[in-house]
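Asker: The following block contains the structure, expressed as structure tokens.
Every number here is computed from the coordinates shown, using simple stated rules; none is lab data. On a predicted model such as this, the values are computed, not experimentally measured, just so you know. Because the Cβ atoms are built from the backbone with ideal geometry, glycine has one as well, and the counts that use them run over all protein chains shown.
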Amino acid sequence: MSLSAARHPSAELCSALAGLFETAHEGIYLGTLPYHGEGATLGANPHLKLMFGFPPEVDDHEVRPFDEERFVDPQARRGFVERLLRDGAVTDFLLRLRRIDDKPIWVEVNAHLAAPGHGEPARIGALLRDVSERRKVEDQGRGQYHELMQYEKLAALGQTVSGVAHELNNPLATILTWSERLAGRSLDALAGRGISIILGESERAAKIVRNLLTFSRKHHTTRGMVDLNQLVRETLSLRAYDQRVSNINTMDALATGLPQVFADAHQLKQVLLNLLINAEQAMLSTSGRGTLILRSWHEAADDCVVLEINDDGPGIPDDVRPRIFDPFFTTKSAETGTGLGLTVAGRIVEDHGGQLRMESTPGHGASFFVRLPAGTGRARPKPSSVAPVRPVVGRGAAVLLVENEPALAEAVSDALTDAGFLVDRAADGRTALERAGSRTYDLVVCDLKMPRLDGQAFHRAVADTIPGLSRRIVFVTSGVVAADTEAFLEESGCPWLRKPYRLADLLRVAREVSSGRFTAS
Ligand SMILES: Nc1ncnc2c1ncn2[C@@H]1O[C@H](COP(=O)(O)OP(=O)(O)OP(=O)(O)O)[C@@H](O)[C@H]1O
Ligand SMILES: [Mg+2]
């Protein structure tokens with residue numbers, strides 16, 4: 001609408017315009033626009049009053065949306081006025097203005113400045129639209145976009161990390177095997193100290209690698225119905241010896257009839273181990289003894305299973321509390337802590353749709369709560385992926401070692417020879433198959449990932465041609481084990497070790513399998 005006097009509207013048009021002015025769902029303002037100070041209002045429609053929080057009966061003259069005090073940013077007002085004076089109009093100009101209750105709103109303005117007569121203030125006609133809601137949605141969209149970007153960056157980082165961790169496995173397995181082997185020799189004091197430091201540090205590096213792999217292990221999990229109480233007992237039995245020799249008393253109050261949870265048993269075991277070891281370390285750090293209480297129960301309200309791990313250690317100080325789940329945050333010495341335990345535990349529990357929470361009164365211990373949604377159905381939990389190993393002795397057995405990393409192959413082959421095995425080597429699956437066909441072996445130690453014929457294909461071929469040997473294979477995996485690989489390992493009934501494994505574990509399994517004492521669970 002032009003405010004210029006060039007057109008003389010008819011009485012009919014005037015009355016139609018007045019109706020529009022009253023009923024429009026946009027703010028309409030007619031008035032003057034001083035460079036500074038207050039303007040004079042000619043008319044402000046009801047919707048404009050509503051937008052700025054004025055009562056409907058307020059006098060139009062009170063409503064002056066372009067006064068300095070209405071602007072959140074004075075600089076923005078100067079820009080707006082200058083633009084109007086320069087161009088005579090603005091289109092969809094976005095301003096942040098204040099309502100009379102001081103609440104800021106985003107307003108989109110279309111305005112036209114009438115050329116003032118000589119000495120008169122500029123006259124403005126403006127349509128104002130409150131676009132605060134639209135801005136909010138746009139901001140949210142932008143927030144989500146940034147979150148997504150962040151997530152993608154993290155996902156890419158996760159892939160890199162998992163690749164790097166994967167690559168580190170072979171050299172680490174080699175270092176561990178060599179140092180464990182040398183540690184068993186009689187060495188002078190300096191060499192002995194050096195070897196024990198190398199062993200300790202490479203174990204630490206192996207632990208970081210394991211944690212990083214779990215951290216980036218997103219899609220490769222094998223879930224099934226898991227009895228949480230059973231899992232707690234199994235995990236406790238892994239700690240039983242250490243707890244006994246360090247005066248830690250464990251009590252459990254595990255609810256009977258607990259519903260099973262749909263979970264990856266191996267991952268949950270890792271969560272429990274991390275929490276148990278944290279509690280043990282905390283208790284031992286202050287009193288050299290401790291009492292650990294494990295409770296489980298079912299919360300019917302949200303159909304969740306909760307496990308509490310309570311210790312009577314020093315608790316967690318207020319300033320430490322917000323950071324305990326951060327990656328690499330630790331209060332422990334470099335030899336003891338990497339600061340990944342709780343990060344990994346939290347991630348795993350969240351991946352299972354649950355929460356890991358902590359309560360602590362400094363000086364009075366800490367409780368960690370693992371809350372998991374109860375699974376439906378009552379299927380038996382799957383046996384854990386690493387079969388239990390009984391210590392046995394058995395020497396002189398013929399072993400075929402299939403490993404394509406020369407340094408690791410040499411270290412393991414020497415260690416097996418040391419332990420009394422007769423070792424043959426093959427660097428790929430096809431060569432291994434030829435060897436296996438040409439003589440009798442008591443045992444095959446075989447990397448799953450190999451050039452020419454991988455571990456799975458090798459197993460199939462052996463099962464077809466030398467069936468007796470197919471149950472005498474120990475598989476070695478590196479990095480993340482995909483769900484289908486894990487299924488294959490379980491089906492094969494063969495034991496398997498994750499790189500970097502401990503030499504002692506390999507020897508135990510090798511002796512069991514070669515002496516025919518290994519039974520898959
Ligand atoms: N039960 C507990 N009592 C007291 N402090 C705890 C307890 N559990 C965890 N913390 C604190 O949280 C920190 C982080 O724990 P987290 O398990 O992530 O790493 P860490 O134990 O230091 O190292 P890592 O688990 O990698 O060996 C610990 O260093 C410790 O300060
Ligand atoms: Mg820890």
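Asker: Given the Cα-Cα distance of residue 42 and residue 131 and 0.36 nm per residue of separation, how much length would full extension add, in nm?
Answerer: Result: 29.6 nm gained on full extension.
Asker: Still on this structure: Sorted by packing (mean other beta-carbon atoms within 10 Å per residue), highest first, where do 305-311, 442-448, 167-173 land?
Answerer: Ranked by mean Cβ neighbours within 10 Å, highest first: 442-448, 305-311, 167-173.
Asker: Express as a percent, rounded to the nearest 5, the fraction of DSSP beta bridges in the chain (both residues included) that run antiparallel.
Answerer: DSSP beta bridges in the chain are roughly 70 percent antiparallel.
Asker: In degrees between 0 and 90, to the nearest 10, how far off the longest principal axis of the chain does helix 189-215 point, with axes built from Cα atoms?
Answerer: It is inclined by approximately 50 degrees.
Asker: Hey, another quick one. Using alpha-carbon positions, what is the distance between the centroids of the range 224-255 and the range 413-464, in Å?
Answerer: Cα centroid of the range 224-255 versus Cα centroid of the range 413-464: 37 Å apart.
Asker: Shifting gears a bit: For the range 42-117, what does the alpha-carbon gyration tensor say about shape, rounded, prolate or oblate, given a ≥ b ≥ c as the root eigenvalues, a/c under 1.5 as rounded, and a/b over b/c as prolate?
Answerer: oblate
Asker: Kindly state, to the nearest 0.05, the FRET efficiency for residue 23 paired with residue 328, given R0 = 60 Å and r defined as their beta-carbon distance.
Answerer: Plugging the Cβ-Cβ distance into 1/(1 + (r/R0)^6) gives 0.40.
Asker: Can you give me the C-alpha center-to-center distance between the range 189-213 and the range 274-326, rounded to a whole angstrom?
Answerer: Distance between centres, Cα-based: 27 Å.
Asker: Across the chain, how many lysine pairs, 8 or more apart or on two chains, come within less than 16 Å at their alpha-carbon atoms?
Answerer: 8
Asker: How much of the DSSP bridge set in the range 224-373 is antiparallel, in percent, rounded to the nearest 5?
Answerer: Expressed as a percentage, antiparallel bridges in the range 224-373 total about 80.
Asker: Mind sorting 29, 501 by how few other Cβ atoms lie within 10 Å of their own Cβ, fewest first?
Answerer: 501, 29
Asker: Run through every distinct alpha carbon pair of the chain and return the Kirkwood hydrodynamic radius in angstroms, one decimal place.
Answerer: By the Kirkwood definition, the hydrodynamic radius is 29.3 Å.
Asker: Now for a separate question. Only counting other Cβ atoms within 10 Å, I'd like 106, 297 sorted with the fewest neighbours first.
Answerer: 297, 106
Asker: Now for a different question. Which order do the peptides 409-419, 274-284, 244-254 come out in when sorted by mean C-beta neighbours inside 10 angstrom, highest first?
Answerer: Order by mean packing, descending: 274-284, 409-419, 244-254.
Asker: I need the shape label for the range 175-293. Rule: rounded when a/c is under 1.5, else prolate if a/b > b/c, else oblate, with a, b, c from the alpha carbon gyration tensor.
Answerer: Cα axes put the range 175-293 in the oblate bin.
Asker: In what sequence do 164, 90, 476, 402 fall when counting other Cβ within 10 Å, fewest first?
Answerer: Final ranking by Cβ density, sparse to dense: 164, 90, 476, 402.
Asker: Determine the sum of side-chain charges near residue 365: Lys and Arg each +1, Asp and Glu each -1, restricted to other residues whose C-beta is under 10 angstrom from that of residue 365.
Answerer: Neighbour charge sum, excluding residue 365 itself: -3.
Asker: Is the shape of the range 415-486 best called rounded, prolate or oblate, per the rule: a/c under 1.5 gives rounded, else a/b larger than b/c gives prolate, else oblate, with a ≥ b ≥ c the square roots of the Cα gyration tensor eigenvalues?
Answerer: Oblate is the answer for the range 415-486, as a/c is 1.5 or above yet b/c matches or exceeds a/b.
Asker: Which value at 222 nm does the chain reach when only helices count, each DSSP H run of 4 or more adding -39,500 (n - 2.57), with the total divided by all residues and rounded to the nearest 500 deg cm²/dmol?
Answerer: The helix contribution divided over the chain gives -14500 deg cm²/dmol.
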